[in-house]
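Inspection log for the structure reproduced underneath, given as structure tokens.
Values in this text are rule-based calculations from the coordinates and carry no lab data. Bear in mind that the values here come from a model prediction, so they are computed numbers and not experimental data. All Cβ positions, glycine included, derive from the backbone under ideal geometry; neighbour counts span all protein chains shown.
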Amino acid sequence: MKRYYQPEIETASREQILAWQNERLVKQVHHVWENVPYYRKKMEEKGLTPEDIKGVADLHKLPFLTKDDLREAYPYGLMGKPLKDCVRIQSTSGTTGKRVVAFYTQKDIDLWEDCCARAIVAVGGTEEDVCQVCYGYGLFTGGPGLNGGSHKVGCLTLPMSSGNTDRQLQFMTDLEATIICCTPSYAAYLAESIHERGLRDQIKLKAGIFGAEAWSEEMRRDVEKSLGIRAYDIYGLTEISGPGVAFECEEQTGMHINEDHFIAEIIDPNTGEVLPEGEKGELVFTCITKEAFPLLRYRTRDICVLSRKKCSCGRTHVKMSKPMGRSDDMLIIKGVNVFPSQIETVLLEQGYQANYQIIVDRVNNSDTLEVQVEMTAENFSDSLSKIGEMEKQLVGALKAMLGIYAKVKLVAPKTIARSEGKAVRIIDKRKI
């Protein structure tokens, strides 16, 4: 049985999708030109006016937006609507403490929730299902996005948020949840807890929607086997709206991008040149229906491949592969974006030099983060109690910046290897 939330859109002809994109792109460029002086200036610097953009074929002429632009324009510089028309923000941590703050009108939220509803229906969700949402709520987009999508489908929605595994398992068993939405590492941890407590026979789950962090095909198969479900990928960024920008269907061979809302390009990360379909490169998104935060040609830094190969599910929207890495130094740890520059900021504020190493691993299907930091000649100590106090202080400062726990290990001066080229800051031992 084919499952679609909005069949007339999800199975539209390529001609119809292109017609929507052409019309909406032209309208969006005019909207941004008139309402976002920051982007208008970038267009003027390239000698462009809205009349130069007549459709998707002209998209490559427009200037890119990057995370640096978001930081420079923070907080209101990229808004496309006045505050009185905005009803919500969502946010992630920023690279040096300045957060990415995305704004939403009510229409933006409605369209975002439609995208998440498509993802839930694609995994078999109906009004008969009980959907347990274990992504974080609050500023993080995961919880609110899937929560809204679940409501639109008509599922009984369990707004659990993340953590508190005892409570998660109680509701999962008592209310017989059939769909679970969380990070893949938390799904693996829940599976482990279910087996330890002998609850496997009481679990009614049939599908899981997992995103916010990288995960391998091996991990997918492990989670599917241990929970007796089918595990599906979902993709999104706070800057673009949140989860639901793209989602997997029953074929599980890539994620359909909601092309009626987002135009995807693949570029060479070094030159910015648009690459042909099937080439690996950096994913760029243009939002063609967003009102409050209408980003054009936003560089995601995610490396992937696009494919228009016909899909057995009947959906006609382009597919993106799982991200294969990044063109910057961002790490995703427990679903949280972590930049070395954030860690540097904390170290310098605390009186250390920027001599450090970040070690990331995955233990029992959960990410671990350790920061090894060189003491300076001034704060060097061989007193274990003094070192313990200093480590504790850094742990607190890093938690405040990153939003997650990082183990800190202080080491003697000059013990972290120096490099004549680019410093090796990150050692990622995860097999992803």
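Is there a pair in K225/K409; K46/K334; K67/K322 whose C-alpha atoms are over 29 Å apart, and which pairs would that be?
Long pairs (Cα-Cα over 29 Å): K225/K409; K46/K334.
Sequence-distant contacts, meaning Cα pairs under 8 Å at least 6 residues apart, place the relative contact order of the chain at 14 percent. Taking the chain as a Gaussian network of alpha-carbon nodes connected by springs under 10 Å, the highest mean-square fluctuation of the residues K206, K414, K61 belongs to K414.
In this structure, K107 and L18 have a Cβ-Cβ separation that, at R0 = 22 Å, corresponds to a calculated FRET efficiency of about 0.45. Solvent-free Debye calculation, one equal scatterer per alpha-carbon of segment 337-389: log10 I(q)/I(0) at 0.14, 0.17, 0.25 Å⁻¹ equals -0.46, -0.65, -1.03.
Taking every alpha-carbon pair in segment 333-428 and binning the separations at 5 Å intervals from zero gives 2, 13, 25, 26, 18, 11, 4, 0 percent. Taking K429 as the anchor, which aspartates and glutamates have their alpha carbon closer than 12 Å to its alpha carbon, excluding any fewer than eight residues away along the same chain? List returned: D361, D367, E370. Expressed to the nearest 5 percent, the antiparallel share of DSSP beta bridges inside the chain is 60 percent. The lysines within cross-link reach of K41, meaning a Cα-to-Cα straight distance under 16 Å and a gap of 8 or more places when in the same chain, are K61. Scalar couplings 3J(HN,Hα) for segment 363-379, obtained by applying the Karplus form with A = 6.51, B = -1.76, C = 1.60 to θ = phi - 60°, are 10, 6, 6, 10, 5, 10, 10, 10, 10, 8, 10, 7, 6, 8, 4, 6, 9 Hz; x denotes Gly and Pro.
Per-residue ellipticity at 222 nm from helix content only, as computed over the chain with -39500 (n - 2.57) for each DSSP H run of at least four residues, stands at -9500 deg cm²/dmol. Remark on Y135: its backbone amide H falls under 5 Å from those of S161, a criterion applied only to residues 5 or more positions apart or on other chains, H modelled at 1.01 Å from N. For the chain, taking a cut-off of 4.7 Å between Cβ atoms, the unpaired cysteines are C86, C115, C116, C181, C287, C304, C311. Solvent-free Debye calculation, one equal scatterer per alpha-carbon of segment 100-201: log10 I(q)/I(0) at 0.17, 0.19, 0.22 Å⁻¹ equals -0.76, -0.92, -1.16. For segment 137-147, backbone phi angles converted through the Karplus equation (6.51, -1.76, 1.60; θ = phi - 60°) give residue-by-residue couplings of 9, x, 6, 5, 6, x, x, x, x, 5, 4 Hz, Gly and Pro being listed as x.
Counting only aspartates and glutamates at least 8 places from K84 when in the same chain, those with an alpha carbon closer than 16 Å to its own are D108, E291.
Across segment 206-213, rounded Karplus estimates of 3J(HN,Hα) from the backbone phi angles (6.51 cos²θ - 1.76 cosθ + 1.60, θ = phi - 60°) give 10, 8, x, 10, 10, x, 6, 7 Hz, Gly and Pro being marked x.
Protection proxy ranking for 309-321, 119-131, using the average of other Cβ atoms within 10 Å per residue and placing the highest first: 119-131, 309-321. Name the most mobile residue of T49, T271, T173, meaning the one with the largest mean-square fluctuation, in a Gaussian network model of the chain with Cα contacts below 10 Å. For the chain, modelled as a Gaussian network with Cα springs under 10 Å, the answer is T271.
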